[in-house]
Amino acid sequence: MTSREKHDRMANAIRFLSMDAVEKANSGHPGLPMGAADIATVLYTRFMKHDPQNPHWPDRDRFVLSAGHGSMLLYSLLYLTGYEDITLDQIKNFRQLGYRTAGHPEYGHAAGIETTTGPLGQGIANAVGMALAERILNAKFGDELVDHYTYVLSGDGCLMEGISQEAIALAGHLKLNKLIVMWDDNNITIDGDLSLTDSTDQLARVAASGWNTARVDGHDPEAIAGAIEAARRSDRPTLIACKTTIGFGAPTKSGTSKVHGSPLGAEEIAGARKALGWDYPPFEVPSDILDAWRVSGLNACKKRNEWEARLAAADAEIRAEFERRMRGELPGGFDAVIAEYKQKLAADKPKVATRKSSEMALEVINAVVPETIGGSADLTGSNNTKTSQTKPIAPGDYSGRYVYYGIREHGMAAAMNGMTLHGGVIPYGGTFLTFSDYARPAMRLASLMGIRSIFVMTHDSIGLGEDGPTHQPVEHLAALRAIPNHNVFRPADATEATECWQLALETTKTPSTLALTRQNLPAVRTEYVEENLCAYGAYELATAEGEAEVTIFASGSEVEIALAARDQLQARGHPARVVSVPCFELFEQQSDSYKAALIGDAPVKIAIEAAIRMGWDRFIGVDGIFIGMHGFGASAPIEQLYQHFGITAEAAVQAAEARLSKKSN
Ligand SMILES: Cc1ncc(C[n+]2csc(CCOP(=O)(O)OP(=O)(O)O)c2C)c(N)n1
């Protein structure tokens, strides 16, 4: 048992590492680490099940610093408990280029950083996904292999963000009782006192969403510990309001927004040293305190050894399956199943919407990849995300494989990221492409983190028809393609949809978005090719009969139009080829020679996509012809819309011929 004096000194180690690192960097946020140091010390020394020597141990507790601006809190904890990645040198170089200690915690920079946080509200929503993944794997593998908590440190900001309500409601509904959120309840944000802008009774709010709540003095270690103990026994998720003073220990600035996000200054830090009785120079942690921290890190080892013994004793098949899933590897034989299914598609040539093609592919995939977890933000019947294998996950029963996320696109995407980060499951979730805007901040973070979350976005153009321009995406493909490390797939038929799914599942360090149609499309890939052609990002689908005068590039539903335009052009004596472009991002990864040859030098280049032009100049050049959208859509039956907006084979032929005759003049 740690004495109060020892606890205080251990917490002060966090405080001084944080204020000194921020001071040296001349930027950063000292207030939160100083205020939340007591909470963090109690959590890490008395509760956290982790092993700094084996930081990726699957059954570790997860800790999410949702208030990512307080990154020095996490870096201090990782250094003090003995994570190799965070040395004192890393702390001294807080926020410097090439160091792991970035301004906000970044997943992949160091073990112990479970997710990238900084955009407020994301972390708490990720944690819901982590807690859900834990329950799903527990239902499959039992308490022996999977039984851990997910802890979150949240500030006022995270709870004020809209996404928090989506996350809280989902967690409360699903009764994710191993999720424990510590709220650094300090009444201060950047603009000043919270009372400037918020009067929410947060405990009442989360209680209304089915949570357990507690309120404690966030500087009283025993009170904090008691609340965590009670939370661990709860049958619901818990929010513990820990009343704290931001910048605790700073003599004149504590309790004010002045300590939130700027260095304290030499004088204030000297005052804090005096007030807290800390006589050590910057970055020096006295050996008895460092030892106490390291011992707390080592103590956790015992639990891991016990777990390793249970894993070793587990049935060989179960153990192999658990380990495969945690490595993120697909089951052996996956490619063979896809190849066989592509053969069937080549024979059947189904004329279906790509949302249906996606469902058909998933029916095949879900049968052989048991770790996929489907879901939709209340559009299951439209997104076609549910297959025969995916029984719903219900409160208290996590044996299913389908999440009814509710009308919570942002919460869904962030929870999916949390599930992916947890490991052992592969989440995919759907909504309409136009509502990717509601999920985009989490989709961007999936890209930044480099993780395999798979977003299924149907109703991908004016082709959805009568719902009209609110529901018809026009700029969304370009907007998503603009996100670095994000594979946006827009398949043209059932074969391409299958290939895109294969790529989405096999690409572990890049998230994928599948943009899928509502309307039926004919098969454009009519012969079986074993190779995954979509892996090229763009490939020649139809060659020109003779030297190409025209190359038509298209994606998704407009490939059909491109093929019809090619036929018409050739009938009129103009050899034309068609390039299908299912994924810009993968195309860019091909060799220069492949890209140059594919784009080719036909005198006329056309792109057809029922969306805005942005991005297509890469294929057609600034003087290329673009057949697509130039503004918002309209509410009408689909056939009329394509005519109305001039996205037709005839329009393409006319434009091509006009250009060809101009060139020959
Ligand atoms: C989505 C988002 N909006 C705005 C910010 C900028 N920001 C960083 S911290 C912060 C205030 C957070 O207040 P609180 O959570 O109470 O943290 P504390 O002041 O206690 O450190 C803001 C607005 C952000 N990081 N993310």
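The values are calculated or read from the model by the stated rules, or taken from the named source; none is laboratory data. Owing to the predicted nature of the structure, the values given are computational and were not obtained by experimental measurement. Using ideal geometry, Cβ is built from the backbone for each residue, glycine included, and neighbour counts are taken over all protein chains shown. For accessibility, only protein heavy atoms count, side chains too; no ligands or nucleic acids. Shrake-Rupley method; radii C 1.70, N 1.55, O 1.52, S 1.80 Å.
Assorted remarks:
- Only one of the numbered conditions (1) within 16 Å of the ligand (Cβ to nearest atom); (2) touching a Cys at 6+ places or on another chain (Cβ under 9 Å) is not met by Asn187, and that is (2).
- Just one of the listed residues (Thr517, Thr498) is assigned to a helix (DSSP H, G or I) and open to solvent by less than 20 Å² (accessible area, probe 1.4 Å), and it is Thr498.
- Taking the stretch 27-49 as the range and being touching an Asp or Glu at 6+ places or on another chain (Cβ under 6 Å) and away from the ligand (no atom under 12 Å from the Cβ) as the test, the residues that pass are Met48, Lys49.
- For the stretch 542-563, a tally of residues being part of a strand (DSSP E or B) and closer than 16 Å to Phe489 by Cα returns 2.
- Extreme residue, nearest to the chain's Cα centre (by Cα), among residues of the stretch 475-495 that are part of a loop (DSSP other than H, G, I, E, B) and surrounded by 24 or more Cβ atoms within 10 Å (Cβ to Cβ): Arg490
- The residues of the stretch 78-112 that are open to solvent by 60 Å² or more (accessible area, probe 1.4 Å), touching a residue at least 60 places away in the same chain (Cβ under 8 Å) and part of a helix (DSSP H, G or I) amount to a single one, Lys92.
- If you filter the stretch 60-77 down to residues that are surrounded by fewer than 24 Cβ atoms within 10 Å (Cβ to Cβ) and not in a helix (DSSP H, G or I), you find that the one that is farthest from the ligand (Cβ to nearest atom) is Arg60.
- Single residue of Ala275, Ala336, Ala316, Ala312 found to be hydrophobic (A, V, I, L, M, F, W, C), within 20 Å of Ala367 (Cβ to Cβ), open to solvent by 20 Å² or more (accessible area, probe 1.4 Å) and out of contact with any Asp or Glu (no Cβ under 8 Å at 6 or more places or on another chain): Ala336
- Test set (1) part of a loop (DSSP other than H, G, I, E, B); (2) open to solvent by less than 40 Å² (accessible area, probe 1.4 Å) - Leu660 fails condition number: (1)
- Qualifying residue in the stretch 228-238 (condition: assigned to a strand (DSSP E or B) and in contact with a Phe, Trp or Tyr (Cβ under 9 Å, 6 or more places away or on another chain)): yes
- Enumeration of residues in the stretch 113-151 that are open to solvent by less than 10 Å² (accessible area, probe 1.4 Å), among the hydrophobic types (A, V, I, L, M, F, W, C) and not in a helix (DSSP H, G or I): Ile113, Leu145, Val146
- Failed item in (1) under 22 Å from Arg518 (Cβ atoms); (2) open to solvent by 10 Å² or more (accessible area, probe 1.4 Å); (3) free of Cβ contacts under 8 Å to residues at least 40 places away in the same chain, with Tyr402 passing the rest: (2)
- Of all residues in the stretch 152-184 being near the ligand (Cβ under 9 Å from one of its atoms), charged (D, E, K, R) and outside any strand (DSSP E or B), the one that is least open to solvent (accessible area, probe 1.4 Å): Asp156
Per-residue answers, yes or no, for (1) touching a His at 6+ places or on another chain (Cβ under 6 Å); (2) at negative phi; (3) assigned to a loop (DSSP other than H, G, I, E, B):
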| residue | (1), (2), (3) |
| --- | --- |
| Ile246 | no, yes, yes |
| Glu267 | no, yes, no |
| Pro282 | no, yes, yes |
| Asp288 | no, yes, no |
| Gly297 | no, yes, no |
| Ala300 | yes, yes, no |
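- Of all residues in the stretch 199-219, those that are within 26 Å of Ala37 (Cβ to Cβ) have Cβ atoms under 6 Å from Cβ atoms of residues that are in a loop (DSSP other than H, G, I, E, B) and open to solvent by 30 Å² or more (accessible area, probe 1.4 Å), 6 or more apart or on another chain, in Trp211/Arg236; Asn212/Arg236.
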